[in-house]
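Here is the structure we will look at.
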Amino acid sequence: SPTLSPESPTVGTAKRSRSTDASQATSLMWFRTDLRVFDNEALSKACAAGRPVVALFVIAKGEWKHHDFAPIKVDFVLRNLRTLAQSLAKLNIPLVVRTADAVKDVRPVVLDVVSQIGAKKVFWNKELEIDESRRDARIAEDLTAAGVTVSVNNSQMVVLPDLVFTKDRSPYTVYTPYKNCWISVVDASPNLLDLIPVPDPVAAALPEIVANYAKEHSEIPDALDEFPMPDELRKRAHAEWPAGERVAHERLVTFLEQRGARYKDERDFPAKPSTSRLSTYQASGVISSKLCVRLAWEANHKRLATGQPGLVHWISEVVWREFYRYILVKFPRVCMNKPFKLETDRVAWSYDKEKFESWCEGKTGYPIVDAAMRQLNTTGWMHNRLRMIAASFLTKDLLIDWRWGEKYFMQNLIDGDFASNNGGWQWTASTGTDSQPYFRIFNPLLQSEKFDPEGVLIREFVPELAGLSNDVIHEPSRKLSSKQLARIGYPEPMVDHGAARNKCIAEFKRASGK
Ligand code: FAD
């Protein structure tokens with residue numbers, strides 16, 4: 001069994017290690033944001049290592065709280081653990097589930113499991129965020145010192161960040177040139193799209209003592225008290241987001257076959273079921289981005305940038321996901337609460353709690369913004385166009401710090417994903433990678449008329465406006481008196497968009513010293 005270094009917190013438990021015979025050594029596959037058996041590099045290597053394999057998942061309550069995981073996302077993870085455990089059982093791999101209450105507990109828990117099962121090799125897929133990278137580096141150091149081999153793999157990105165760079169070998173800071181380079185890298189090495197099959201069942205039998213340990217720690221809780229969730233939301237989430245990689249795979253195939261061709265034209269209309277809704281599965285690693293790109297590329301006759309416009313556009317959206325991961329690797333300050341454009345730290349953001357709450361609750365008096373926020377609050381998901389409209393309203397119309405909005409989204413999204421969320425917020429707040437200057441400010445009325453012309457989404461999520469006609473529903477305050485608005489229970493606009501826009505531009509100008 002591994003001898004752990006003296007400063008290791010598990011030195012006590014190491015002595016109790018149950019398997020001491022080197023011939024009984026096992027491999028450990030530590031699952032994190034990669035809850036799948038298909039196209040999982042670390043799992044495939046663990047299975048190929050010729051030893052019995054035990055899988056581990058740590059219910060990292062402290063980390064999840066620290067990173068604002070939404071209860072609906074936690075519920076989704078727990079549900080996917082069940083399907084993962086079933087898939088792993090078919091591969092003769094038991095899933096050990098342990099809990100870490102505080103952030104600092106993850107490391108000792110992992111080291112303890114390694115020790116308990118006598119693992120000589122530990123496999124995982126890299127997590128890119130800075131806290132997770134540091135945690136992993138420390139665990140790897142402890143394991144190496146204890147004579148355990150660590151294998152770190154890639155499962156999050158199609159193209160690793162170091163393969164994409166400018167002519168002078170510096171990182172890209174703007175999406176389009178990044179995307180062009182990304183495409184040229186894949187075109188030159190299409191093997192980057194090779195998928196890793198589900199491994200064959202592991203032949204080597206687990207020592208009985210390890211099998212018993214795994215059985216003792218196989219329970220997956222239905223729910224966690226620390227992440228309470230209303231019953232109604234739970235019911236809805238279970239119906240809308242069934243667990244499992246098979247479901248994700250089927251959704252991908254169905255999307256490509258039935259909606260892929262129309263994607264470019266219809267993707268911006270939130271009332272149309274025109275997008276893939278795969279982000280939820282991607283955010284927990286139930287499906288890999290590589291599988292998404294690979295199948296779209298095949299459907300598009302092995303092309304990425306030319307061919308069927310809907311598929312080309314869809315691939316480019318998955319590349320946005322890659323881009324924001326690239327940004328956090330190349331500019332880790334974005335993981336530390338810092339703006340990507342450092343000079344925007346001088347913007348005098350507002351911290352008005354009352355206004356922030358009106359935005360959170362979907363009571364701004366701007367129907368499309370309110371529909372967006374209520375879609376988030378009642379379903380745990382929001383359409384991309386609405387995310388941009390809601391984020392622009394918070395940061396540009398209310399001048400409230402984008403970090404408040406970023407946090408609120410994470411706390412409520414089933415697809416909450418640090419890189420995409422931070423990237424989306426910073427892009428909209430003009431503190432991020434948007435190549436346009438700060439005066440890209442969404443006009444909520446024009447956005448509403450253009451992207452929800454019939455008010456379908458507004459009627460669904462803001463039912464007090466359901467009876468209004470199409471020409472009134474986007475801006476009820478223009479036709480209805482204060483009294484009439486009060487009667488239907490809808491607020492007056494909390495700001496005048498034109499005036500708020502001018503104020504925002506003036507503030508950004510001042511902050512940039514121009
Ligand atoms: P589709 O339109 O089918 O797109 C396919 C895939 O491409 C998505 O599943 C997603 O992985 C990726 N993608 C699409 N648009 C974007 C984008 N703008 N940025 C990055 N990747 C994209 N996405 C998250 O996954 N998690 C988040 O927490 C998140 N927060 C966001 C916050 C803001 C303010 C904004 C503007 C965007 C955010 N996004 C986030 C990106 C985007 O809104 C969602 O990925 C998308 O709405 C998911 O729907 P879909 O799966 O139907 O996407």
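The values are calculated or read from the model by the stated rules, or taken from the named source; none is laboratory data. If you're wondering where the values come from, they're calculated on a predicted model, not measured in any experiment. Note: ideal-geometry Cβ built from the backbone for every residue, glycine included; neighbour counts use all protein chains shown.
Of note:
- Residue within region 292-310 that is within 9 Å of the ligand (Cβ to nearest atom) and not aliphatic (A, V, I, L, M) present: yes
- Failed condition for ALA89, given (1) aliphatic (A, V, I, L, M); (2) more than 25 Å from SER279 (Cα to Cα); (3) touching a residue at least 24 places away in the same chain (Cβ under 8 Å); (4) in a helix (DSSP H, G or I): (3)
- Any hit, region 229-248, residues being within 13 Å of the ligand (Cβ to nearest atom), surrounded by 18 or more Cβ atoms within 10 Å (Cβ to Cβ) and in a helix (DSSP H, G or I): yes
- From LEU399, LEU485, residue being more than 12 Å from the ligand (Cβ to nearest atom), out of contact with any strand residue (DSSP E or B) (no Cβ under 9 Å at 6 or more places or on another chain), over 26 Å from PRO273 (Cβ atoms) and at pLDDT 95 or above: LEU485
- Condition met for TRP320 (within 9 Å of the ligand (Cβ to nearest atom), modelled with pLDDT of 95 or more and outside any loop (DSSP other than H, G, I, E, B)): yes
- Residue ID - surrounded by the fewest Cβ atoms within 10 Å (Cβ to Cβ), chosen from residues in region 361-371 that are in a helix (DSSP H, G or I) and in contact (Cβ under 8 Å) with a residue 40 or more places away in the chain: ASP370
- Test: ARG374 is among the charged types (D, E, K, R), closer than 27 Å to ASN80 by Cβ, assigned to a helix (DSSP H, G or I) and more than 15 Å from the ligand (Cβ to nearest atom): yes
- Unique residue being among the small types (Gly, Ala, Ser), more than 20 Å from the chain's Cα centre (by Cα), surrounded by 18 or more Cβ atoms within 10 Å (Cβ to Cβ) and within 22 Å of TRP182 (Cα to Cα) when the list is GLY260, GLY307, GLY285: GLY260
- Flag if ARG267 is farther than 17 Å from VAL247 by Cα, within 12 Å of the ligand (Cβ to nearest atom) and within 12 Å of the chain's Cα centre (by Cα): no
- Residue ID - farthest from LEU394 (Cα to Cα), chosen from residues in region 486-508 that are without any contact (Cβ under 8 Å) to a residue 24 or more places away in the chain and surrounded by 11 or more Cβ atoms within 10 Å (Cβ to Cβ): ARG487
- Test: residue in region 335-351 that is within 23 Å of GLY432 (Cα to Cα) and surrounded by 24 or more Cβ atoms within 10 Å (Cβ to Cβ): no
- When the residues of region 325-338 are filtered to those that are under 15 Å from the mean Cα position of the chain (by Cα) and more than 15 Å from CYS292 (Cβ to Cβ), the one that is farthest from the ligand (Cβ to nearest atom) is CYS335.
- Selection count where residues are away from the ligand (no atom under 13 Å from the Cβ) and either within 23 Å of LYS338 (Cβ to Cβ) or touching a helix residue (DSSP H, G or I) at 6+ places or on another chain (Cβ under 9 Å) (or both), scope region 402-446: 9
- Listed by first and then second residue, the pairs with beta-carbon distance under 6 Å, at least 6 apart or on different chains, first residue in region 398-417 and in contact (Cβ under 8 Å) with a residue 12 or more places away in the chain, second of a type in the set (Lys, Arg) and more than 7 Å from the ligand (Cβ to nearest atom), are LEU398/LYS355; ILE414/LYS73; GLY416/LYS73.
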